[in-house]
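One structure is given below, encoded as structure tokens.
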Amino acid sequence: MIPAAGPDIAAAAVPLEAPAVHATSLLRRSLRLWRTRIGALLVGLLVLVAIVGPYVAPYGPSTPVGAPNSLPGGKAVLGTDYLGQDVLSRLLYGGRSILIMAVIATAAGLIVGVIIGLVAAYARNALDDVLMRAMDVIMAFPQIMLALVAVAVVGAAAWVIVVAIALTTVPRIARVARGAALPVVERDFIASAEAMGVPRWRILFVDLLPNTLGPLMVEASLRMTYSIGVIAALAYLGLSPDPNGANWGTMIQQNQIVLVVQPWGAVMPIIAIALLTMGTGLIGDGIARTAAGIDRDRSSG
């Protein structure tokens, strides 16, 4: 007669943990792809410019150094803008505000969106429907339009822009988190954890979250790209926290009227924004390909 399995044997028969995708491992493997390396290089350089730029700028962001719209040469390496301010100095100062607001907005949207998505996937009941329908309502509004409405009602403060962008980021992150978590919820190790009385918060953040990191990292990079674009677009429309301050979007708006005479005041911030969004996009694409197991480095196999 075969003895009945005891609780220790039964627990050992069902795995309590699933092999999770660790963020550091995924990033390390994605860096084998040239697209990820190029993206990381572009983003790293522009982040370095935003951090170090104000300390190495030859002049202050609002210091007149010559005649308006002068061509490169003399005191101004890239010429001057429509007020005679040094284009290079304003370029070095202008990236910090965009990057800070984009990072905070993306991080806030990521945290809230992940919580909502994991809770909805784990609940699988009326709460799931309520949360996802609320996300659908928010997603119905274009990101830039919601930001414009928030700025028009409350004002162009930095926190208003950050909250508006984070709010439009939440439903997209929540959708991805829920979609990635649904198959994991059905696995045996989740049922085993529930049977053992593991707290729900621990199941959500210790068991579910690590198994959804791949898609979430890809979506976070995309949201970062869109956040940069929206913040620059708002500044271009004159809706930045400091309309007269150094900001890449503001520089484009102020110098577009003299584009033929002195193009560098508008062209250089355009290039900076383009390279920054291109870099985040390449990083996201590299992570996505690595998580999916495609486009591996041919030199390794």
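The values are calculated or read from the model by the stated rules, or taken from the named source; none is laboratory data. None of these values were measured; they are calculated from a predicted model. Here Cβ is always computed from backbone atoms with ideal geometry, including for glycine, and neighbour counts include all displayed protein chains.
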Practice problem: Give the residue, chosen from I98, I104, I111, I116, that is loosely packed, with under 15 Cβ neighbours inside 10 Å and either assigned to a helix (DSSP H, G or I) or not polar (S, T, N, Q) (or both). | Solution: I111
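Please work out if Y82 is touching a residue at least 60 places away in the same chain (Cβ under 8 Å) and part of a helix (DSSP H, G or I). Reasoning before the result, please.
Working: touching a residue at least 60 places away in the same chain (Cβ under 8 Å): yes; part of a helix (DSSP H, G or I): no.
Considered against the rule, which asks whether it is touching a residue at least 60 places away in the same chain (Cβ under 8 Å) and part of a helix (DSSP H, G or I), Y82 comes out as no.
Suppose we filter A220, A235 for residues that are in a helix (DSSP H, G or I) and within 14 Å of L99 (Cα to Cα); which single one remains?
Details: A220 fails: within 14 Å of L99 (Cα to Cα).
A235 is the lone residue from the list that is in a helix (DSSP H, G or I) and within 14 Å of L99 (Cα to Cα).
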Quiz item: Just checking, which of I257, I190, I173 is β-branched (V, I, T) and surrounded by 23 or more Cβ atoms within 10 Å (Cβ to Cβ)?
Solution: I173
Self-check item: Matching option when the condition is in contact with a helix residue (DSSP H, G or I) (Cβ under 9 Å, 6 or more places away or on another chain) and at pLDDT below 90, among G279, G245
Solution: G245
Self-check item: Tabulated pairs, region 181-204, first outside any helix (DSSP H, G or I), second surrounded by fewer than 18 Cβ atoms within 10 Å (Cβ to Cβ), C-beta under 7 angstrom, 6+ apart or interchain
Solution: R187/A18
Quiz item: Quick one: what pairs do we get from region 26-43, first residue surrounded by fewer than 17 Cβ atoms within 10 Å (Cβ to Cβ), second in a loop (DSSP other than H, G, I, E, B), C-beta under 7 Å, 6+ apart or different chains?
Solution: R32/D297; R37/L31
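What tally of residues in region 147-170 results from selecting those that are loosely packed, with under 15 Cβ neighbours inside 10 Å and either modelled with pLDDT under 90 or more than 17 Å from the chain's Cα centre (by Cα) (or both)?
Here is the first cut: in region 147-170, the residues loosely packed, with under 15 Cβ neighbours inside 10 Å are 149, 152-155, 157, 159.
Keeping just the survivors that are either modelled with pLDDT under 90 or more than 17 Å from the chain's Cα centre (by Cα) (or both) gives 149, 152-155, 157.
Result for region 147-170: 6.
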Quiz prompt | Pairs with Cβ under 8 Å, 6+ apart, first in region 240-269 and free of Cβ contacts under 8 Å to residues at least 12 places away in the same chain, second surrounded by fewer than 21 Cβ atoms within 10 Å (Cβ to Cβ) and assigned to a loop (DSSP other than H, G, I, E, B) | solution = V267/L259
